[in-house]
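The values are calculated or read from the model by the stated rules, or taken from the named source; none is laboratory data. Because the structure is predicted, anything quoted here is derived from the model rather than measured. Counting neighbours? That spans all protein chains shown, and the Cβs are built from the backbone with ideal geometry, glycine included.
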Amino acid sequence: MGYTIAQKIIKEHLVCGEMAVGNDIGLKIDQTLTQDATGTMAYIEYEAMGIPRVKTEKSVAYIDHNTLQTGFENADDHRFIQSVCKKHGIYFSRPGNGICHQVHLERFGKPGKTLIGSDSHTPTGGGIGMLAIGAGGLDVAVAMGGGAYYITMPKMVRVNLTGKLNPWVSAKDIILAVLRVMSVKGGVGKIVEYGGDGVKTLTVPERATITNMGAELGATTSVFPSDETTREFLKAQGREEDYTELKADDDAVYDEIIEINLSELEPLAACPHSPDNVKPIKELEGQKIDQVCIGSCTNSSYLDLMRVAYILKGKKVADNVSLAIAPGSKQVFNMLALNGALGDMIAAGARILESACGPCIGMGQSPNSSGISLRTFNRNFEGRSGTADGQIYLVSPETAAVSAINGVFTDPRVLGEAAEIAMPEKFLINDNMVIEPAPVEEMDNVEILRGPNIKSYPKTSPLTDTIEASCSLKVGDNITTDHIMPAGAKILPLRSNIPKISEHCFTVCDKEFPERAKTLGKSIIVGGENYGQGSSREHAALAPLFLGVKAVLVKSFARIHKSNLINAGILPLTFINADDYDKIKLGDMLELPNVKNEIASGENVTVVNKTTGSTIKANCELSDRTRAIILAGGLLDYTKENS
């Protein structure tokens, strides 16, 4: 039996465990990336481990999220990260150099290598054949220190692409079509691998758009073959020596196969408030819009923005529309400026933003109240835009640009013949905004610079024999990390200050939760299906930890958030009988009378509702290693004990 692409990379990097679905496996990590919203805490955690120099082949810290500097906090975090990088052997990508996933694809990613990043859209690297996985900051810190990264061996899904995209149908429409089939939880426990004759019709940036939004499937990661198209992209980036051919064996076996005929696809939109709420643009045509935002790590490549410039050239943005465009990297920005495309955008009335995440993470450009905003981004969760009742639609750059001109939802196929825009034979290469770390012999002389907003990791403690705590919050299905720990311009600067950011925990769902949890001292959260979907932000676990949350009892978890809860020492419990969800109400006193022994022995956990007198059983699905982490009180404690 042959191997899939992902299985080949896993086999090459396996340090422990067996490659059987459901087994806990440890992987050697070649590269890591962080971004500033998660990076400060990741580097605080790395410092706590006491390892003087990173042990990966390449680790890069990007400043791309918290670039809106309305106070000292973000600037202090950036200064702290830069000093840590200088001292500990990490490359530092300065603010303005671009979005982490875009820049890493252009300048550092290598086919066949493993990459984990403290951002859920790290699977973008799968566009050039990397096994690229989003993870919590503490997992990334451990990998930088030379530790393995542990996952449950996933199932393999093959998405077979046939045919060729029609004019004005794009890669964004491909991933929206996959989301329509699989849903936002259909990829949990799976790696999505793309193959078929249709693959060779897609450029690397188009492939990266698809793997980027694979995060919205809940998948462990997504990956494309590394082929002649990959080689040409790397050659154009001056990195042909990084090319390695990588493809699935002809007799590779997949757990699931999905067929997508590219020739049959049409322009699509993900409607509010979920990336899998997908409809054809033709069903929305003619509806008035208020705002268009083009960019993000999903759709800000040179190819994307050249198509946008082609559509906007000689036209004018509609009077009722605000259009903002953010190039994904300095490389793209420079090339657009030099070839005149940037001027075409500006002349049409576009507002040009810096090369950063910006509105995608809620950093500016919030739409008007109840405003309809078309965005080329990857998430449209309720409130994520910064406007509580904003109506956010996810679309392709082509749909976004033509709709901005017309002021209404417009199918881009009205444009007729497609723009013939080729990939450059050579990209503009200038890495002067990437700062190299100090040589080993000079690292001891580097001072770590800390601002007053940078606080230490929350206090943890080993699992106690019993837990008795109130239900401090009960929520429904598809609770996202934006519900748990909101982003946006007001809250993101607090990412390095857990006590302060915890004041905003779950306020989207219940404004009283932070104060209630703090007053209770310790508590348990109850939730529904797919709890914790979305971002990799470990703050969605660290803030509840600070507020005294001891366990989260739900119907099912999203992968990264469950891992982050374990890393924080919070029990991730699931109902064995989903109907038992209805047996717990807000304020009920819950007791886990024998929890330490049950966890240690791998038994189901007994949960007694002392308010009603009922008893239920919960599952705590853990490997031997994650069981030891929970018993120790979290990954940081476990790492110290076992280093």
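Annotation: of all residues in segment 310-331 being among the aliphatic types (A, V, I, L, M), over 16 Å from Cys360 (Cβ atoms) and touching a strand residue (DSSP E or B) at 6+ places or on another chain (Cβ under 9 Å), the one that is surrounded by the fewest Cβ atoms within 10 Å (Cβ to Cβ) is Ala318. Do we find that Val199 is farther than 25 Å from Thr244 by Cα and in contact with a strand residue (DSSP E or B) (Cβ under 8 Å, 6 or more places away or on another chain) in this structure? No; evaluated as a whole, the condition is false for this residue. Would a scan of segment 189-196 turn up a residue that is in a helix (DSSP H, G or I), over 24 Å from Ser556 (Cα atoms) and not assigned by TED's automatic domain parsing to the domain that holds Asp304? Looking for residues that are in a helix (DSSP H, G or I), over 24 Å from Ser556 (Cα atoms) and not assigned by TED's automatic domain parsing to the domain that holds Asp304, one finds none in segment 189-196, hence no. So which residues in segment 243-291 are among the acidic types (Asp, Glu) and more than 25 Å from the chain's Cα centre (by Cα)? Hits for segment 243-291 are Glu245, Asp249, Asp250, Asp251, Glu259, Glu264, Glu266, Glu283, Glu285, Asp290. Pick out the one residue from Val223, Val321, Val253, Val317 that is in contact with a Gly (Cβ under 6 Å, 6 or more places away or on another chain), at pLDDT 95 or above and in the same structural domain as Lys200 (by TED's automatic domain parsing). Step by step, each of Val223, Val321, Val253, Val317 is checked, and only Val223 is in contact with a Gly (Cβ under 6 Å, 6 or more places away or on another chain), at pLDDT 95 or above and in the same structural domain as Lys200 (by TED's automatic domain parsing). When the residues of segment 497-515 are filtered to those that are under 23 Å from the mean Cα position of the chain (by Cα) and of a type in the set (A, V, I, L, M, F, W, C), the one that is nearest to Tyr457 (Cα to Cα) is Ile498. Taking segment 67-79 as the range and being assigned to a loop (DSSP other than H, G, I, E, B) and in contact with a Pro (Cβ under 6 Å, 6 or more places away or on another chain) as the test, only Thr67 passes. Comparison of Ala347, Ala419 shows that the only residue that is more than 22 Å from Asp119 (Cβ to Cβ) and modelled with pLDDT under 95 is Ala419.
Once segment 175-203 is narrowed to residues that are surrounded by fewer than 23 Cβ atoms within 10 Å (Cβ to Cβ) and among the charged types (D, E, K, R), the residue that is farthest from Leu161 (Cα to Cα) is Lys185. Taken together, Glu216, Glu228 contain a single residue that is over 17 Å from the mean Cα position of the chain (by Cα) and of a type in the set (D, E, K, R), which is Glu228. Taken over segment 606-643, the criterion of being within 28 Å of Tyr457 (Cα to Cα) and of a type in the set (A, V, I, L, M, F, W, C) is satisfied by Cys620, Leu622, Ala628, Ile629, Ile630, Leu631, Ala632, Leu635, Leu636.
Listed here are the residues, each with its yes/no results for (1) more than 27 Å from Pro359 (Cα to Cα); (2) modelled with pLDDT under 95; (3) in contact with a His (Cβ under 9 Å, 6 or more places away or on another chain); (4) of a type outside the set (Gly, Ala, Ser).
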position: Asn453; (1), (2), (3), (4): no, yes, no, yes
position: Asp482; (1), (2), (3), (4): no, yes, no, yes
position: Leu494; (1), (2), (3), (4): no, yes, yes, yes
position: Ile525; (1), (2), (3), (4): yes, no, no, yes
position: Lys550; (1), (2), (3), (4): yes, no, no, yes
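When the residues of segment 230-254 are filtered to those that are touching a Pro at 6+ places or on another chain (Cβ under 9 Å), of a type in the set (D, E, K, R) and within 22 Å of Met19 (Cβ to Cβ), the one that is surrounded by the fewest Cβ atoms within 10 Å (Cβ to Cβ) is Glu245.
Only one entry in Pro424, Pro437 is over 18 Å from Gln237 (Cβ atoms) and either aromatic (Phe, Trp, Tyr) or in a loop (DSSP other than H, G, I, E, B) (or both), namely Pro437. When Ala568, Ala632, Ala600, Ala578 are screened for being in contact with a Phe, Trp or Tyr (Cβ under 6 Å, 6 or more places away or on another chain) and aliphatic (A, V, I, L, M), only Ala632 passes. Number of residues in segment 597-643 that are assigned to a helix (DSSP H, G or I), touching a helix residue (DSSP H, G or I) at 6+ places or on another chain (Cβ under 7 Å) and at pLDDT 95 or above: the value is 9. Count of segment 400-441 residues, restricted to those that are out of contact with any helix residue (DSSP H, G or I) (no Cβ under 7 Å at 6 or more places or on another chain), over 29 Å from Asn166 (Cβ atoms), touching a residue at least 40 places away in the same chain (Cβ under 8 Å) and charged (D, E, K, R), is 1. If you go through segment 231-251 and keep only what is in a loop (DSSP other than H, G, I, E, B) and at negative phi, you end up with Gln237, Arg239, Tyr243, Thr244, Glu245, Lys247, Ala248, Asp249, Asp250, Asp251. So, of the residues in segment 26-60 that are more than 20 Å from the chain's Cα centre (by Cα) and hydrophobic (A, V, I, L, M, F, W, C), which turns out to be surrounded by the fewest Cβ atoms within 10 Å (Cβ to Cβ)? The selected residue is Ala48. The set of residues in segment 516-536 that are under 18 Å from Ala551 (Cα atoms) and under 18 Å from the mean Cα position of the chain (by Cα) comprises Asn530, Tyr531, Gly532, Gln533.
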